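Okay, structure first, notes after.
The values are calculated or read from the model by the stated rules, or taken from the named source; none is laboratory data. Note that the coordinates shown come from a computational prediction; the quantities given were computed from them, not determined experimentally. Note that each Cβ is placed from the backbone with ideal geometry, even for glycine, and that neighbours are counted across all protein chains shown. Note: areas computed on protein heavy atoms with side chains; ligands, DNA, RNA excluded. Shrake-Rupley method; radii C 1.70, N 1.55, O 1.52, S 1.80 Å.
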Amino acid sequence: MDKKSLWKWLIFIGLTAWSLAIVLPLKEKVKLGLDLQGGTRFVLQVDLSEMDSDAARDAQSRAMEVIRNRVDAMGVAEPVIYGEPGNRIIVEIPGLKTEDRERAIKNIQSAAYLEFRMVHPDNDRLVDELLSKGLAPEGYRIVSLNEGGNSQYYKRDKSRDPAGVSEEDIRKRAAAFHAPAGYELLMERVRRSEQDFFRPAFVNRRADLKGESISSAGVDYDMVQRPVVTMRFDSKGAKRFATLTGDYAPGGAKNPGNRRRQLGIVLDGVLYSAPNINSAILGGSAQIEGNFSLREAQDLALVLRAGALPAPVKLLEERTVDPTLGQDSVNSGKKAVFVGCGVVMAFMLVYYMLAGVVASAALITNIVLLPVGLIITGGFLSLLANTGAASGISLPTLTLPGIAGIALTIGMAVDANVLIFERMREEQKAGKRFKFIVDAGYNKAFSAIFDSNITTLLAAVILFWQGTGPIRGFAVMLSAGLIVSMYTALVVTRMVFDQLVARTNIQQLKMLQFFGDTKIDFVKISKFCIALSLVVIVASWAMFVKNGRSNFGVDFLGGASITFQFNEKAPMEDLRAALSAEGINASLQYQKASGAEGSEVVHEYLEIKTDYDSGKPAADLIAKQFAGKGYRVLKEDSVGPQIGKELQRKAIIATLLALVGMIVYVSIRFEFPYAVGAVAALLHDVLIAVGLFCALGGQLDLTKVAAVLTIIGYSVNDTIVVFDRIRENLKLEPGKSFADIANAAINQTLSRTVLTAATTLFTVVVLLVFGGGAIYELSMLLFIGMVAGVYSSVVIATPIAMIWSGKLKAKASAK
């Protein structure tokens with residue numbers, strides 16, 4: 001073995017050892033995404049609208065630190081918190097149970113603006129006048145309770161809300177309700193018989209003391225064992241608190257008439273209590289009494305200890321997956337990968353025999369080297385995205401689309417091997433010796449392998465750049481798979497064949513051949529094929545237009561989508577009636593899906609789609625009212641209108657960038673007419689794939705955009721192989737007509753086109769059978785698009801390029 005070959009083997013062994021060290025043991029090194037282990041993902045935005053430019057500079061980083069402190073204090077395992085452009089903060093909490101979600105987002109969003117404000121000196125009289133006259137703010141009604149003293153309270157009544165008014169609007173309108181100048185009407189919650197009532201109080205709009213001086217907060221119990229929140233001030237705050245309470249105590253500087261004054265304790269605009277000030281409080285401590293449960297008191301103490309947010313944060317998006325659904329996805333995904341790998345290896349062994357053994361070994365090597373490919377690719381793409389999510393060198397989080405990416409790269413990995421082996425077959429027919437067969441196979445296949453993989457890699461990079469969450473996981477996995485497969489196909493397998501040349505007496509490679517020397521006139525039938533495609537496109541897109549908004553999921557429209565599992569199916573009319581009674585307008589549908597790991601068991605689920613603000617109320621209502629039938633939330637996606645519009649824009653930008661990138665690359669590597677033919681084929685594939693997918697009842701969301709971009713990259717892969725052969729034949733046979741050369745090129749590469757499509761479609765079909773859920777729909781779109789891609793590479797791309805260049809009947813000239 002020469003020195004150069006020895007270095008290649010040493011590098012290969014080093015990469016293999018590194019990759020295994022990265023990934024083993026699997027349970028410790030491989031981190032599962034929320035869609036696989038269950039949990040919740042929040043997308044928050046820091047509202048800088050009321051901050052000056054100086055304070056706004058580091059508002060995002062300060063808010064992240066406060067949120068991190070709060071989440072850590074909740075005791076959840078390994079939360080992931082990072083910033084994104086646009087003052088966004090991503091919070092991912094694995095294993096978060098459905099019942100804890102509302103508590104988590106409440107703690108995260110709480111601004112913790114603690115203020116001590118004086119209550120109006122005539123508050124009792126003003127409140128009595130409102131209640132005696134039957135005056136209540138919009139969204140409230142007056143109720144009388146059978147208890148001593150003041151027994152009248154306000155109660156929240158959503159049936160009295162004006163149409164189209166949010167909860168925040170109701171609060172603001174109540175604050176201004178009959179309020180004297182400089183004061184606002186706030187509601188102190190009173191808990192009676194497991195119901196919430198509200199005691200109104202007119203509280204000063206201006207804070208007399210703020211809570212930034214709090215040094216600690218905890219939970220204690222009052223005389224009747226009700227939880228209260230205790231606080232201690234630092235030395236500066238203690239002096240201010242003593243001065244405030246002393247001034248308003250009977251006989252104090254601001255209360256010489258010995259009137260009873262109350263101090264309102266207000267957190268984030270909510271009045272928690274308004275105790276009487278009897279004397280100056282000199283100890284630097286205070287407590288908040290608010291009819292708390294123990295958990296509520298603990299959470300309030302938690303946010304007070306973590307500190308106030310520098311600015312309010314808005315919830316833009318929330319996605320939740322139940323842990324049981326995540327485990328089903330892991331099981332299905334593993335089976336899809338193993339079966340897909342087995343099917344592809346079996347095919348290669350049967351069809352290419354000894355060469356198939358080399359390709360199968362390369363496929364296993366692909367999987368072994370994938371971790372080191374993920375490290376390199378993930379690091380590079382994280383720099384491109386500039387999210388700050390990747391700190392240090394580690395494996396990217398494995399997501400459900402990421403598993404689909406692994407299965408897909410298994411099918412695509414043998415693409416380069418097929419190209420090389422089919423080139424070897426041609427050289428073998430020419431009677432060359434084994435060494436020259438190997439040399440020519442690799443040398444002549446290189447340009448097609450390089451060009452086709454670069455175009456798919458370009459689509460994956462664009463997908464990562466414009467994608468988010470699990471979609472980026474798919475892009476990283478696809479990119480890493482392509483890079484590793486190029487290394488194993490062009491370097492590792494060549495090393496093996498070089499050893500076979502040097503150490504064996506092999507003269508020829510035995511291979512099966514399904515296709516002989518075909519002589520189909522593809523150019524002649526292209527007009528009919530183009531017409532047929534136009535019919536399919538027009539028909540499917542007519543249905544698309546007819547279906548309108550139902551073609552799109554909540555990712556693009558905004559809103560909420562909730563999936564329920566149940567033990568006993570409830571009548572649809574009962575479900576609709578329950579939602580309508582609470583004023584929730586929603587669409588409901590029962591859906592069926594196969595059981596875990598492709599079993600014959602069929603599960604049925606309920607899917608509810610409603611507007612963004614009604615998602616949580618709808619989920620809580622169904623889970624509570626139909627608990628006897630076992631209804632529980634498996635998955636919940638809530639996407640605000642702002643995020644929905646952004647995702648629409650990103651999807652369009654990503655698709656257009658991919659198409660433009662293909663035009664530029666093909667124009668550079670070939671000629672502009674070839675680029676026109678390639679893009680015409682891509683548009684054909686995308687239009688047919690999306691049109692037929694939606695006609696079959698599929699909905700477009702972020703994962704489907706990933707599928708569309710994969711189709712774009714994969715389709716141009718086939719087309720480039722044909723163009724590469726045309727370019728080669730133009731030099732060899734300059735006197736032939738362009739149509740004859742094009743036909744010859746398509747026929748010469750037909751075997752490769754069908755074989756590589758078959759190996760990739762094997763894995764896509766496996767995903768269809770075993771993937772389930774969102775992976776099933778992703779696989780269905782990929783299947784349609786890839787079949788369309790093979791078709792367009794053969795009968796669409798080349799004829800369009802010929803028509804554009806005017807060479808349909810012209811003589812060819814050497815390039």
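In summary, the lysines within cross-link reach of Lys736, defined as a Cα separation below 27 angstrom excluding same-chain residues under 8 places away, comprise Lys429, Lys432, Lys444, Lys519, Lys524, Lys527, Lys807, Lys809, Lys811, Lys815. Available extension along the chain between Asp220 and Val357 is 42.2 nm, counting 0.36 nm per residue and deducting the alpha carbon span. With 26 Å as the limit on Cα-Cα distance, the pairs of Lys158/Lys624; Lys435/Lys510; Lys546/Lys704; Lys172/Lys236 that go past it are Lys172/Lys236.
Residue order by solvent-accessible surface for Arg259, Arg70 is Arg259, Arg70, largest first, with ligands and nucleic acids left out and a 1.4 Å probe. Solvent-accessible surface (1.4 Å probe) assigned to Val554 amounts to roughly 20 Å².
The C-alpha radius of gyration of segment 148-265, expressed as a fraction of 2.2 N^0.38 Å, stands at 1.31.
Working from label points 7 Å from Cα in the Cα-to-Cβ sense, the Phe436 to Ala539 distance is 5.3 nm. Straight-line reach from Lys629: which lysines fall under 24 Å, measuring Cα to Cα and dropping same-chain residues less than 8 apart? Reachable lysines: Lys97, Lys569, Lys592, Lys609, Lys616.
Using 0.36 nm per residue and subtracting the Cα-Cα separation, the extra length available between Glu129 and Glu78 on full extension is 13.0 nm.
Note on segment 1-153: dipole from Cβ charges, positive end direction compared against Gly134, Tyr82, Ser53; the farthest Cα belongs to Tyr82. The three principal axes of the C-alpha atoms in segment 416-522 carry coordinate ranges of 53, 42, 21 Å, sorted with the longest axis first. Dipole check for the chain: with +1 at the C-beta of Lys and Arg, -1 at the C-beta of Asp and Glu, and the Cα centre as origin, the magnitude is about 1920 Debye.
When the helices in the chain are scored as -39500 (n - 2.57) per DSSP H run of 4 or longer and the sum is shared across all residues, what 222 nm value do you end up with, to the nearest 500 deg cm²/dmol? All intermediate terms of the calculation are to be shown ahead of the outcome.
Values: 27 runs with 459 residues, N = 815.
Result for the chain, helices only: -19000 deg cm²/dmol.
Placing +1 on the Cβ of every Lys and Arg and -1 on the Cβ of every Asp and Glu, with no other charges, gives segment 253-375 a dipole of roughly 520 debye about its Cα centre.
Please check which bits of segment 232-248 a label hung off Ser279 would reach, taking the label as a point 7 Å along Cα-to-C-beta and the cut-off as backbone N under 13 Å. Within reach of a label on Ser279, which here means backbone N under 13 Å from a point 7 Å along Cα→Cβ, segment 232-248 contributes 246.
Heavy-atom accessible surface of the chain, averaged per residue, reaches 45 Å², computed with a 1.4 Å probe. One entry in [x] 59.4; [y] 42.1; [z] 34.7 is mean projected area of the Cα convex hull in nm² calculated from the shown coordinates; its label is [y].
Compared with the direct C-alpha span, the chain from Ser61 to Val30 gains 8.3 nm at full extension, assuming 0.36 nm per residue.
With a 1.4 Å probe and every protein chain kept in, tell me what percent of the accessible surface of segment 426-557 is carbon plus sulfur. If you can, show how the numbers build up before the last one.
Working: 4230 of 6450 Å².
Its accessible area is 66 percent carbon and sulfur atoms.
Tell me, which longest segment in the chain has none of the GluC sites (Glu not before Pro) that fall in DSSP loops with at most 12 further Cβ atoms within 10 Å?
On the way: sites that count: Glu50, Glu147, Glu194, Glu568, Glu600.
Longest run free of exposed loop sites: 195-567.
Filter the DSSP H helices in the chain by two things, a Kyte-Doolittle mean of at least -1.0 and an axial alpha-carbon span of 27 angstrom or more, and list the hits by number. Those that pass (Cα extent of 27 Å or more, hydropathy at least -1.0) are 3-23, 323-352, 354-385, 400-429, 434-466, 522-547, 641-669, 672-695, 702-732, 750-770, 773-795. Which shape class, rounded, prolate or oblate, goes with segment 1-103 when its Cα gyration tensor gives a ≥ b ≥ c as root eigenvalues, a/c under 1.5 marks rounded, and past that a/b bigger than b/c marks prolate? Note, shape of segment 1-103 comes out oblate.
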